[in-house]
Amino acid sequence: MAKSLRSSSKLAARNRKRYTESSDYAVTAAARLQQVSERLKQRMNQPKLSELEAAEDNDIQDEAMETTKAPEASTMQVDGSEGEPPRKISTSAPRGSRKEQWRKARGLSMHRKSSKSGRAKRRR
């Protein structure tokens with residue numbers, strides 16, 4: 001009868017393999033453990049997320065103070081109208097999908113021609 005991967009006998013067998021030093025399983029488990037520990041060491045050396053957010057908040061506040069110090073009285077700017085109209089996105093061009101690239105590289109047309117010429121006839 002088949003056993004589940006979570007069965008106690010299967011788990012025990014894998015643990016035996018993992019901690020027997022002569023097995024290949026132990027070598028890969030040790031390499032995996034080493035990679036995880038390296039990642040954790042790198043993560044410990046990085047600044048904490050709360051410190052980064054505090055620094056960003058200070059930068060934003062400094063920029064806000066600079067902009068309020070010297071307002072221009074002669075011109076009034078409106079949000080979204082910086083002189084540059086939004087670019088339109090074309091939806092009718094070729095998509096550049098992998099299939100289209102493959103066909104183009106071989107000199108084939110993007111779409112296959114229909115084998116039926118004229119009107120399609122329905123079978124009854």
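Just so it is clear, none of the values below were taken in a lab; they were calculated from the coordinates. As the structure is a prediction and not an experimental result, all values here were calculated from the model. So basically every Cβ, Gly included, is an ideal-geometry build from the backbone, and we count neighbours across all protein chains shown.
Of the trypsin sites (Lys or Arg not before Pro) in segment 1-59, the ones in a loop by DSSP (not H, G, I, E or B) with at most 16 other beta carbons within 10 Å are Lys3, Arg6, Lys48.
Projecting label points 7 angstrom from Cα along Cα→Cβ for Tyr19 and Arg123 puts them 6.7 nm apart. Note on His111/Lys88: beta-carbon distance plugged into 1/(1 + (r/R0)^6) with R0 of 30 Å gives a FRET efficiency of 0.75.
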